[in-house]
Amino acid sequence: MSADTAISVLFLIVLAVSALAALHGRVRRGVPLGLGVRGGTGRDLAAGLAIGSAGMAATVAAVVALTPTAFHDVRLDAAKLAYATAVLAVAAVGEEVVYRALMLGGLARLTGRPAVALAAAAAVFGLVHLTGSPDATVISVLSNALGGVMYGVAFLRTGRIWMGVGVHFAWNFVQGPVAGFPVSDETSFSGALLRPVTEGAQWLTGGAYGPEGSVLSLVFRVAIIAMTVAATARRPGGAPARPHPDPAAS
């Protein structure tokens, strides 16, 4: 069995078990899945977009500052920008539903320990990014796993997927369509505005995998986690952020 196949089987098993737990909780006990769109969705999305954009912009700026990497062409490709926006938006929502609402939510219910569930779901998220990615490295796997923590913290802190959707979309959008780098070894969304020439040590630039293969991405993913915790520490009006949404809103 190849590594890609083994990872795919692991993903399917974990998803099946956790999704059943999440859906059972929703159907039998009325436990929210975290998909509600009432009250605060726009706020969560906006906060996520701002946090994700800042984190990836800082990552790109650090790569350019610390390596010979530079931008040599600025040209708007409106068709590619529209295509990338649509695909990345759908991907962000889809992955947050699968990995956070179903996998993380289900594992949290099965284990009764959100931290354990977060670590397990993040590990699976990191491993899945190995499949079909010839340029993946140890750093890129660690970065993607930390990305799973990043989006998972947003889910656990708000009880819904929408802040994570915003962070996820912005992270990929700034990385690929805007800055022109590969997004997890994928280049079909890249270069709708800027076109970089990547030079320097792979561990700093990320090489063909993109900035997620750079050790710098680890630093700024941690910064995003910190920003997410700060943004969800208290709700408007002084009320603490709730760990779960209202069942009526899911």
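Contact map, segment 45-69: first residue in contact (Cβ under 8 Å) with a residue 12 or more places away in the chain and farther than 30 Å from residue 34 by Cβ, second residue of a type in the set (Val, Ile, Thr) and not in a loop (DSSP other than H, G, I, E, B), Cβ cut-off under 7 Å, separation 6 or more or different chains; pairs are 63/205; 67/205; 69/63; 69/197; 69/205.
Among the residues of segment 136-159, those that are in contact (Cβ under 8 Å) with a residue 24 or more places away in the chain, touching a Phe, Trp or Tyr at 6+ places or on another chain (Cβ under 8 Å) and open to solvent by 20 Å² or more (accessible area, probe 1.4 Å) comprise 136, 137, 139. Can you find even one residue in segment 91-102 that is part of a helix (DSSP H, G or I) and in contact with a Pro (Cβ under 8 Å, 6 or more places away or on another chain)? No - not one qualifying residue is present in segment 91-102. Mind listing just one residue for me: the one in segment 5-43 that is open to solvent by 60 Å² or more (accessible area, probe 1.4 Å), over 21 Å from the mean Cα position of the chain (by Cα) and not hydrophobic (A, V, I, L, M, F, W, C) and, of those, farthest from residue 109 (Cα to Cα)? This residue is 5.
Scanning segment 109-134 for residues that are more than 19 Å from residue 225 (Cα to Cα) and not charged (D, E, K, R) gives 110, 111, 112, 127, 128, 129, 130, 131, 132, 133, 134.
Would you call residue 167 open to solvent by 10 Å² or more (accessible area, probe 1.4 Å), of a type outside the set (D, E, K, R) and either more than 23 Å from residue 44 (Cβ to Cβ) or outside any strand (DSSP E or B) (or both)? In short, no. If the condition is being on the phi > 0 side of the Ramachandran plot and in a loop (DSSP other than H, G, I, E, B), then segment 191-214 contributes 191, 200, 206, 210.
Residue under question is residue 33, and the condition is that it be over 27 Å from residue 132 (Cβ atoms) and of a type in the set (A, V, I, L, M, F, W, C); does it hold? Taking the combined requirement at face value, the residue satisfies it. Residues in segment 88-112 that are buried (at least 17 other Cβ atoms within 10 Å of the Cβ), free of Cβ contacts under 8 Å to residues at least 60 places away in the same chain and within 12 Å of the chain's Cα centre (by Cα): 99 alone.
The values are calculated or read from the model by the stated rules, or taken from the named source; none is laboratory data. Predicted model only: the values in this text are computed from it and were never measured. When we count neighbours, we look across all protein chains shown, and the Cβ atoms used for this are built from the backbone with ideal geometry, even at glycine. Side chains included, ligands, DNA and RNA excluded: accessible areas come from the protein's heavy atoms. Shrake-Rupley method; radii C 1.70, N 1.55, O 1.52, S 1.80 Å.
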